[in-house]
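First the structure, in the form of structure tokens, and then the observations on it.
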Amino acid sequence: MASKPQHNMPGFPDHWGITFTDKTNEHAEGPTLPENNKQPAGQPFNVVVTGAGKGLGYAISVAYAKAGVTGLSISSRTQSDLDKLSAELKSINPAISILSQTCDTSKSEDVKRLSEAVKQD
């Protein structure tokens, strides 16, 4: 009988899939590092990230800034989260153009307002 894979995240139930592989990764490395996936120079590359104020959306925004995108639209329900993220993005990539807008994606009028702002930017 095969032994159960070891992982560095104890306390999670097996049905969560944590033990599906022998190794889990907590940080990007090698080809998954954003700085190893630079955007082509001289070509505009814009990205929209909703839910950018915290967690995965925040990390995705930082990864795109490290990869050298030219424009990044970030949205969250909380302006203070967006202000913090904007400052970090500018410290990573001073040339990046940032569109920062509050948006609650559960409200269609907020999503429409965000869509219009992205189209105009």
Boolean, Glu35 is out of contact with any Gly (no Cβ under 7 Å at 6 or more places or on another chain) and without any contact (Cβ under 8 Å) to a residue 24 or more places away in the chain
no
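Inside the stretch 85-110, can you point out the residues that are free of Cβ contacts under 8 Å to residues at least 12 places away in the same chain and under 30 Å from Gly42 (Cα atoms)?
Those that are free of Cβ contacts under 8 Å to residues at least 12 places away in the same chain and under 30 Å from Gly42 (Cα atoms): Ala87, Lys90, Ser91, Pro94.
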Could you go through the stretch 36-44 and let me know if any residue there is closer than 25 Å to Lys112 by Cα and modelled with pLDDT of 75 or more.
yes
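The values are calculated or read from the model by the stated rules, or taken from the named source; none is laboratory data. In this text, all values refer to a predicted model and were calculated from it rather than measured experimentally. For neighbour counting, all protein chains shown are included, and Cβ atoms are generated from backbone atoms with ideal geometry for every residue, glycine included.
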